[in-house]
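Below is one structure, written out as structure tokens, with a few remarks after it.
The values are calculated or read from the model by the stated rules, or taken from the named source; none is laboratory data. All figures in this text were calculated on a predicted structure; none of them were measured in a lab. Here Cβ is always computed from backbone atoms with ideal geometry, including for glycine, and neighbour counts include all displayed protein chains. Heads up: the accessible areas ignore ligands, DNA and RNA and are worked out on the full protein's heavy atoms, side chains in. Shrake-Rupley method; radii C 1.70, N 1.55, O 1.52, S 1.80 Å.
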Amino acid sequence: MPFTARSVMASALLGVDPPELPVAQLVRLTGLFGINENRARVALSRMVSRGEVTTNGSGLYRLAGHLLERRSRQSASRSGVTGGYRGQWQVAVVTTSGSTADVRTERRRVLAYARLAELREGVWMRPDNLGASLPGELRDDIESLSARPSEPRRLATRLWDLGDWSARADGLLGQLGRLTPDGPEALAPGFTLSAAVLRHLQADPLLPEELLPPRWPGDRLRSVYDAWDGQYRRTLADWSRVGGTNTQAT
């Protein structure tokens, strides 16, 4: 799916620390995808109106709102750090009925965001190895329980398509190996590939090692991507400096 001005700028801000960039760099990044300056600035203004970014008034834009929350999840996905696992699972049971479609959709989004998976309608589970608690807005709708499944590996394969995640990760590893981000011509395809890797890492259920299939590629994908992204960021920084110099000269 082609990038929009908003998705380019959101992805750019999600990928830097701290999550802020000058407007000139954001606009120039959108140009890599054939988006003109006017469209980029209109999209940025709309992001401000929606509370997705803030500006300090001097041309610096920073992530805010739900995009900042997404960045927190992205950071956790990229690190892949988990806690101890002693066989216990978190169980979240939806106890309310008659909710509107919008409320049900938002509830599912929040539960999936917490990396729980739905066993059957209204029953969500995951291994208790992340130390995460459900958001406060769900407390009136959810009963939180603890369980110890008799066949946890079988349950994990029922809740998540681990084979598909693994196959997609192997494909991304191949793409990272084929695309060396060492010049400006690699910036646009590298940006697209980077976004694909980060999206895929966010889909990692972060299961305990003993519940994963053999040769799980999660750690390898993170390691290879970290090295690749370091080189990509250096190339992007060089390109940005040249652009800034040219802008000042004109």
Exercise. Over the chain, what percent of the accessible surface lies on carbon and sulfur atoms, probe 1.4 Å?
Worked result: 50 percent
Exercise. Once fully extended, how much extra length lies between residue 75 and residue 231, figured as 0.36 nm per residue of separation less the alpha-carbon to alpha-carbon distance?
Worked result: 54.3 nm
Exercise. Counting pairs of alpha carbon atoms under 8 Å apart in space and at least six apart in sequence, what relative contact order in percent does the chain give?
Worked result: 19 percent
Exercise. Could you work out the helix-only [θ] at 222 nm for the chain, with each DSSP H run of four or more residues adding -39,500 (n - 2.57) and the total divided by the number of residues, to the nearest 500 deg cm²/dmol?
Worked result: -17500 deg cm²/dmol
Exercise. GNM, the chain, Cα, under 10 Å: largest mean-square fluctuation among 166, 72, 133?
Worked result: 133
Problem set entry | Relative contact order of the range 3-64, pairs being alpha-carbon contacts under 8 Å that are 6 or more residues apart, as % | 40 percent
Problem set entry | 1.4 Å probe accessible area per residue over the range 1-125, in Å² | 54 Å²
For this session: Quick one: pull the percentage of alpha-carbon pairs in the range 1-119 with a separation above 24 Å.
Result: 44 percent
For this session: Could you tally the net charge around residue 121, taking each other residue with its Cβ under 13 Å from the Cβ of residue 121, Lys/Arg +1 and Asp/Glu -1?
Result: +3
Exercise. How high is the relative contact order of the range 107-202, in percent, with contacts defined as C-alpha pairs under 8 Å that are six or more residues apart?
Worked result: 19 percent
Exercise. Excluding ligands and nucleic acids, what accessible area in Å² is computed for residue 68 using a 1.4 Å probe, to the nearest 10?
Worked result: 70 Å²
Exercise. Taking the Cα atoms only, what angle lies between the long axis of helix 37-49 and the longest principal axis of the chain, rounded to 10 degrees?
Worked result: 40 degrees
Seminar exercise, completed: Mean 1/r over distinct Cα pairs of the chain, inverted to a Kirkwood Rh in Å, yields 20.3 Å
Seminar exercise, completed: Taking Lys and Arg as +1 and Asp and Glu as -1, residues besides residue 35 with C-beta under 12 Å from its C-beta add up to +3
